[in-house]
Each structure stands twice: as C-alpha cells, then as structure tokens.
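Have a look at the structure below, then the notes.
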Ligand SMILES: CC(C)(COP(=O)(O)OP(=O)(O)OC[C@H]1O[C@@H](n2cnc3c(N)ncnc32)[C@H](O)[C@@H]1OP(=O)(O)O)[C@@H](O)C(=O)NCCC(=O)NCCS
C-alpha cells in the first residue's frame, strides 16, 4: 500500500512542476484523494458491496468534484490534475501513467448495458474539458486536446483536437512540402488553408492549385524535351503571377478601387 502511495506521489512530481513536496501532494491534491477513495470504492464493488461502493464513490465526488464509478478500472500512477468536473463511467478502463485534467468526461453514448465507455491505454493525456465518449480505445501515448470531443478510436501516439476530434497531421508530408514550394513560387500563400479546414471553396482552390502544379511540372518537362530538339517554342518565360492579381479574392475590404 505504501509502495503504491509513494508511486502516486512520484507520478505527481513527474507531471506537475508546481508540486513542491510529498506533504503538499498528500494534502492539497484532490486528484490524488479521488484516486485513493476510488481504490476503496472499487474494492467494495469487487466484493459485491455495490451500494456501499457507490456511497463511498459519491463521498469522493462530494469531496473532490471528481466522479469515478466504482466499476471503472484504473491503472497505476494515474494522475488527475486540478480535478473538478471529471466524470469517469462504469466501464471505462484506464491504463498506467494516464493523465486527466479538470473537466474531462470519459462517458458513454448509449444507455445499453455492457461496455459503453472508453479505454485509455498507457500514457494517454486528456486535456482540460475534453469529452471522450463511447466504447473505443485511445491508443498508448495519445493526446486529446483541451475541449476536444472524441467519439472514435484514436491510434497510439496520435494527437486529437477539436469538435469532432480530428487527428493533427504534422504538416511535414510530401504534398504539403510541394504546396509550400508552390506558394513560394507564386510569391505568396494562395492556399492559406490547412488540409483539415472545412471550407469547401478553399479546399476546391487547393485541389485546383495541386492540379496546376502537376500540369506545371508536365509543361516544364515538355519544354525541356522541345529545347533538346532545337525548338524555340519555350524560349519565353511564362508571365509571372503577382500578389496583386489575387487581391480580389482576399476579402471585400481589400477590393482594389477602380
Ligand atoms: C492537444 C495538445 C496536446 C497539442 O500539443 P502539441 O502536440 O504540442 O501540438 P501543438 O501545440 O504543436 O499544436 C498543433 C496544432 O494543434 C492546434 N491545437 C493545439 N491544441 C488544440 C486544442 N486544444 N484545440 C484545437 N486546436 C489545438 C494548435 O493551434 C496547432 O495548430 P496549427 O498547426 O494550425 O498551428 C495540447 O495543445 C493540449 O491541448 N494539451 C492539453 C493541456 C491542458 O489541458 N492543460 C490544462 C492545464 S490546467
């Protein structure tokens, strides 16, 4: 028991730079109190003392603002920072070294009995105010951004943000690099839009520019071949695109005076 306690306190030091000493953690961290009360309620639940387990769990909620159903399975070094407004449902499963911030819900979306709450694998971090809803798995090491609403499985190591939760794709893929090169060539960022933005017009323009880039490459190849054959056809450069040419698409306020 003391070994687990020591482990819990160490876990806080690793994840909260504000923690100063063990006594402070023991006395001033409602997240810790909630976990210890949950261990008791969970043991009672396992022994079949269901009502007593719910009562103890409710006492924990009253004391800390953190509601953990006694049926929820919680791993080691679980850390709840700040607490308040946290709800963890009956069939939720939480691995080792998981961190939750205030206002997180690990909830269900159906009233059917059986598995209806999420499983968080080892090392998952769920940001303040996020809702993770449904009987799916959030893979090891994944991060859920604050205020995200996640209703689908999250692969290990991924970061999910927004409503509905979408995985952040770090923009270092080949296509994105090509787009950046194209933007530089044009002299400004005509895309001005990331891959996951919902604006259909912006996406359509993005697709057109992708196509333009492909055609551009093809033309350059053909010009090279014609030059090799001695044709002067490609002697002239294409007219340069200037930012002013696109001024009318920048917004009403910026429409050039005529
Ligand atoms: C989601 C999170 C883990 C991302 O961290 P990260 O991997 O370092 O990602 P970055 O900060 O580089 O952000 C990547 C992109 O996601 C966006 N983003 C980050 N967090 C976001 C969130 N919660 N909601 C929406 N978008 C978010 C960033 O603006 C950035 O967008 P861009 O690429 O268009 O500029 C982090 O932002 C987060 O929300 N952590 C929770 C922390 C918390 O709740 N703390 C409470 C302390 S009391």
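The numbers here are math on the coordinates, done by the rules we state, and not lab data. What you see is a predicted model; the values in this text were computed from it and never measured. Glycine gets a Cβ as well: all are built from the backbone with ideal geometry, and neighbour counts include every protein chain shown.
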_I need 9, 88 ordered by Cβ neighbour count within 10 Å, fewest first._
9, 88
*Could you give the nm distance between label points at residue 5 and residue 39, where each point is 7 Å from its Cα heading toward the beta carbon?*
0.9 nm
*Please work out the FRET efficiency for the pair residue 228 and residue 169, using the Cβ-Cβ distance as r and a Förster radius of 25 Å; give the result to the nearest 0.05.*
0.05
_I need the peptides 11-19, 64-72, 141-149 ranked by packing, meaning the mean over residues of other C-beta atoms within 10 angstrom, with the highest value on top._
64-72, 141-149, 11-19
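Given axes a ≥ b ≥ c from the Cα gyration tensor, I'd like to know whether the stretch 2-167 is rounded (a/c under 1.5), prolate (a/b larger than b/c) or oblate. The partial results should precede the final answer.
Values: a/c = 1.76, a/b = 1.14, b/c = 1.55.
It comes out oblate by the Cα gyration axes.
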_Cα-projected label distance for residue 16 with residue 110, points at 7 Å along beta-carbon direction, nm_ = 3.7 nm
*Burial ordering of 90, 3, fewest other beta-carbon atoms within 10 Å first*: 3, 90
_If I model a spin label at residue 128 and residue 210 as a point 7 Å from the Cα along the Cα→Cβ vector, what separation in nanometres do I get?_
3.7 nm
_At a 10 Å Cβ-Cβ cut-off, how would you order 1, 47, 32, 84, fewest neighbours first?_
1, 47, 84, 32
_Distance from the stretch 94-146 to the stretch 37-68 (C-alpha centre basis), Å_ = 19 Å
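Order of 121-133, 157-169 by packing, highest average Cβ count within 10 Å first? Don't jump to the answer; show the numbers that get you there.
Values: 121-133: 21.3, 157-169: 15.8.
The packing order, highest mean first, is 121-133, 157-169.
Share of antiparallel DSSP beta bridges in the stretch 2-167, in percent to the nearest 5? List each step's numbers first, then the result.
Working: 2 of 27 bridges.
Percent antiparallel among DSSP bridges in the stretch 2-167 is about 5.
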